[in-house]
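The values are calculated or read from the model by the stated rules, or taken from the named source; none is laboratory data. This structure is a prediction, so every number in the text was calculated from the model and none was measured. In this analysis, Cβ positions are derived from the backbone assuming ideal geometry, glycine residues included, and neighbour counts consider all displayed protein chains.
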Amino acid sequence: MILTFDQSAYRNLLAEVVPTAIDTEEEYERILNLVEQLTFKKNRTNEEQALYKLLVILIEAYETENYPMDQSSPHEILQHIMEASGTRQADLVGIIGSSGVVSEIVNGKRSISKAQAKALGEYFKVSPSLFI
């Protein structure tokens, strides 16, 4: 079975929603609610999926401009992952170095080498690039 894209149905969805660049918090909330409805809708049509993708792009653009995220340092990322997973510094001894080295890395006093980033990535099952 080949699913086709119905231009007319998509035009009707666009006319109903009237998606535009988001400039206000009210418009952001409105589009966010529409995306939430589409997210949980079972059996989304191709046209609804296309609208969903468009609305997500608009939301991401608004959030990037209005809610910039600070870049976390590698040791802050490590601290967060350790806290979230219940990992202690002692658990990393032997994986990335001695207890002194682990302490210095976790506390941001020593940078993480590529080899240590790779070991941390394998240990936490995440990309090593998070730690570089």
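Put simply, of LEU51, LEU13, LEU78 the only residue that is buried (at least 16 other Cβ atoms within 10 Å of the Cβ) and in the same structural domain as ASN107 (by TED's automatic domain parsing) is LEU78. Cβ-Cβ contacts under 7 Å between residues 6 or more apart (or on different chains), taken from a first residue in the stretch 111-132 that is free of Cβ contacts under 8 Å to residues at least 12 places away in the same chain to a second residue that is surrounded by 15 or more Cβ atoms within 10 Å (Cβ to Cβ) and part of a helix (DSSP H, G or I), are listed as LYS118/PRO128; GLY121/PRO128; GLY121/PHE131; SER127/GLY121.
Report the residue count in the stretch 96-121 for those that are out of contact with any strand residue (DSSP E or B) (no Cβ under 6 Å at 6 or more places or on another chain), loosely packed, with under 13 Cβ neighbours inside 10 Å and either outside any helix (DSSP H, G or I) or polar (S, T, N, Q) (or both). Within the stretch 96-121, residues that are out of contact with any strand residue (DSSP E or B) (no Cβ under 6 Å at 6 or more places or on another chain), loosely packed, with under 13 Cβ neighbours inside 10 Å and either outside any helix (DSSP H, G or I) or polar (S, T, N, Q) (or both) number 3. Taken over the stretch 39-59, the criterion of being free of Cβ contacts under 8 Å to residues at least 24 places away in the same chain and either closer than 27 Å to LEU130 by Cα or in a helix (DSSP H, G or I) (or both) is satisfied by THR39, GLN49, TYR52, LYS53, VAL56, ILE57.
Residues that are out of contact with any helix residue (DSSP H, G or I) (no Cβ under 6 Å at 6 or more places or on another chain) and assigned to a helix (DSSP H, G or I) within the stretch 60-77 comprise GLU60, ALA61, GLU63, THR64, GLU65, ASN66, HIS75, GLU76, listed in sequence order. If the condition is being more than 16 Å from GLU27 (Cβ to Cβ) and in contact (Cβ under 8 Å) with a residue 12 or more places away in the chain, then the stretch 60-78 contributes SER73, PRO74, HIS75, GLU76, ILE77, LEU78.
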